1. Within 10 Å of each Cβ in peptide B:164-171, how many partner chain Cβ atoms are there on average? Round it to a whole number, please.
2. Show that you can apply the helix-only estimate: for the protein assembly as shown, add -39,500 (n - 2.57) for every DSSP H stretch of four or more residues, divide by all residues, and state [θ] at 222 nm to the nearest 500.
3. Full extension from residue A:240 to residue A:408: what is 0.36 nm times the residue separation minus their Cα-Cα distance, to one decimal in nm?
4. Take every DSSP beta bridge whose two residues both sit in segment B:80-154, then give the antiparallel share in percent to the nearest 5.
5. I want the antiparallel fraction of DSSP beta bridges within chain B, as a percent rounded to 5.
6. If the rule is a partner Cβ under 4.7 Å, which cysteines in the protein assembly as shown fail it?
7. Once you keep just the Cα pairs under 8 angstrom separated by 6 or more residues, what percentage relative contact order results for chain B?
8. Of the peptides A:335-342, B:34-41, A:305-312, how do they stack up when ordered by the mean number of other Cβ atoms within 10 Å, highest first?
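Readers should treat all values here as calculations from the given coordinates under stated rules, not as data from a laboratory. Predicted model only: the values in this text are computed from it and were never measured. Reconstructed Cβ throughout: ideal geometry from the backbone, glycine too, with neighbour counts over all protein chains shown.
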Amino acid sequence: MIIFRRSSMRYKLLGITLLGVLVSTLFVFIGIYIYEIATYEKRITQEMTETATFVSSNSGAALAFKDSKTAQEILATMRALPAVELAALYTLNGTVLASYSREDQKMGPPLARPWPDGLRFKGRDLELIWPVSEKGRHLGTLYLLGDTATMRARLMDYTGILAVILFAITGSAFFLERVLASWISIPVLRLSRAAGKIASGDLSTRVPVDSQVGSKDEVNQLAESFNHMSEELSALVNQEREARNDAEEAVRARDDFLSIAAHELKTPLTPMKMHLHIIKKYLKEIDASVLRSKELVEIIGKSDRQLERIVRLVDDLLDVARITKGKLSLNLEQCDFGELVRGVMEQYQEAVKSSGCTLTLEVPDGIVGKCDRLRFEQVVVNLLTNALKYGANQPLAIRLSQDAEHVKLTVRDHGIGISEVDQGKIFERFARAVPFTAYGGLGLGLYISRQIVDAHHGKISVESQSGKGSIFTVEIPLKPRLQ
Amino acid sequence: MKRRRALLSVIVPLIWVSSVYAQAPEYQVKAAMLYNFALFVEWPPARFASPKSPFLACVLGTDPFGPWLKYELRRADIGTHPIQIRILKNAREARNCHLLFISRSEEKNLQTVMTELQGAAALIVSDVSNVRGFCREGGMIGLIMQGGKVRFELNGKAADSAGLKISSKLGRVAKNTKCGEDDS
């Protein structure tokens with residue numbers, strides 16, 4: 001059974017066809033055999049009785065007058081009855097008057113008187129002893145021996161016919177199987193192969209549909225559906241591919257634009273800054289009373305700060321352009337993290353003062369490790385400027401600490417905080433948790449910071465509640481793995 | 001004792017008969033044949049007063065059978081009719097017989113005898129030497145010797161006109177069924 005279930009569909013079809021036909025043929029023949037055997041006894045009995053009646057009613061005179069020639073003639077009519085094997089006529093004193101043998105060899109067996117009249121089966125044969133009389137006068141005895149040879153021959157014939165039929169059936173079943181296979185299993189196999197091709201990416205695969213067969217044939221129907229499916233699928237995939245190409249193209253164009261724009265903006269800034277420095281230097285040498293130099297110094301200082309801001313924005317844009325092109329590389333060196341943080345704080349003394357924040361600084365000495373000095377400073381600056389921007393006039397705490405493997409920087413403000421929904425996206429590009437109109441900036445600071453921390457194999461995280469301030473934590477391994 | 005004797009009386013002749021059958025006396029064979037003829041002939045029902053009335057087997061002329069006729073017919077009935085044997089001298093007496101055997105002793109006045117028997121519903125058998133002549137005169141079965149065996153010729157026409165029905169089976173074992181018709 002398991003072998004049958006494991007075999008291919010065409011052999012299943014063959015098996016079913018064969019089994020059905022063979023079983024029904026066998027049943028028919030078993031029926032014939034049973035009928036033949038069951039009716040045989042009855043038939044031969046009847047046949048022999050009729051024969052005996054006929055012979056005995058005709059052989060009376062021959063027996064009476066001991067006319068063996070006539071008796072022989074009568075018995076010779078047995079030739080028409082193939083069931084009769086032996087026949088003999090006995091006179092009253094038991095001598096054989098005439099005998100007949102189908103094979104013309106055997107004589108009737110000698111009968112001892114008084115013989116029992118009647119009909120009895122002797123093994124496969126039927127023996128019949130019949131009195132011959134005329135007008136109530138016993139004249140002699142007829143002996144008949146019928147055998148089952150004809151019956152057996154007939155059964156043998158049936159068996160031969162059965163064998164021929166079974167052979168023919170098996171042959172035609174194999175032929176039928178070929179036809180069925182071309183109708184059913186081959187189309188299914190074709191479908192399965194096509195499905196395999198589609199799965200491996202060849203969406204142009206189609207299976208042939210026989211338009212003559214029409215859609216009443218399930219396999220043909222399946223083929224049609226399959227082709228429809230693959231058409232839809234390839235259309236969908238093409239659409240998707242085009243959309244993605246468009247999107248990628250757009251992103252590439254934006255990034256290119258960003259990069260070019262940043263470079264173009266940056267180019268004039270450096271000479272402008274230099275020019276401002278030169279102007280400042282000259283002003284120091286000029287008498288203060290002349291040209292109202294004190295006001296000029298102030299104006300130029302403001303211009304310088306604005307310029308500084310533009311430089312930072314452009315630098316951010318340049319960083320983003322680098323990051324998107326995968327060109328952010330670190331220049332690792334020995335860093336004293338405390339010194340770096342204090343340096344930044346010194347640089348932003350003015351800004352802290354003007355923001356009105358009360359600063360708590362906990363920066364111990366001696367935390368040393370590998371980092372990109374400028375990039376780490378950039379992270380500190382980003383976090384600090386964010387805290388000053390969103391947490392003005394509130395306490396601000398900056399802490400530096402270390403454990404066995406990491407240096408940890410915590411920047412805690414008591415500003416507007418970040419909602420839980422926004423916490424997930426503030427580290428994305430151009431992401432802003434606050435309206436653009438209320439607070440300036442491009443929304444790139446945290447994105448760049450995160451990229452820098454990631455490049456150091458560290459992590460940056462935020463804990464915050466709307467209205468209650470935020471805590472940003474940066475953790476960097478003291479010895480970053482080299483990529 | 002009685003039963004034993006009866007058994008012996010059957011068995012002894014049987015053994016004897018079967019052992020010497022080939023050399024059985026001519027008139028024993030003929031006696032047996034007379035009986036057998038009766039088995040294959042139907043008489044008109046009017047010839048018997050009742051089913052039990054006797055079947056008359058007659059011999060006309062000198063009885064040539066000796067003991068054999070009695071022996072062969074000893075226990076037999078023809079159908080339901082018991083057999084009675086009569087030896088006759090006069091043809092006129094023979095008209096009532098069912099089966100009549102005409103002895104050779106009557107051959108010389110056969111014509112007279114046959115005229116006397118005209119119209120009698122009797123099966124007339126004889127072993128006269130001129131069997132053809134006997135048949136022409138209306139004899140029905142003529143016995144002849146052939147190769148040491150007794151055979152017979154049938155005159156179906158005569159039997160028919162006498163109202164007797166002779167079974168075709170008897171015709172089949174007869175040497176000839178048209179005795180007296182063709183003088184070839």
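1. 3
2. Result for the protein assembly as shown, helices only: -16500 deg cm²/dmol.
3. Full extension of this stretch gives 56.0 nm more.
4. 50 percent
5. Of all bridge pairs located within chain B, approximately 40 percent are antiparallel.
6. Lacking a cysteine Cβ partner under 4.7 Å: A:357.
7. In percent, rounded to a whole number, it is 19.
8. Ranked by mean Cβ neighbours within 10 Å, highest first: B:34-41, A:335-342, A:305-312.
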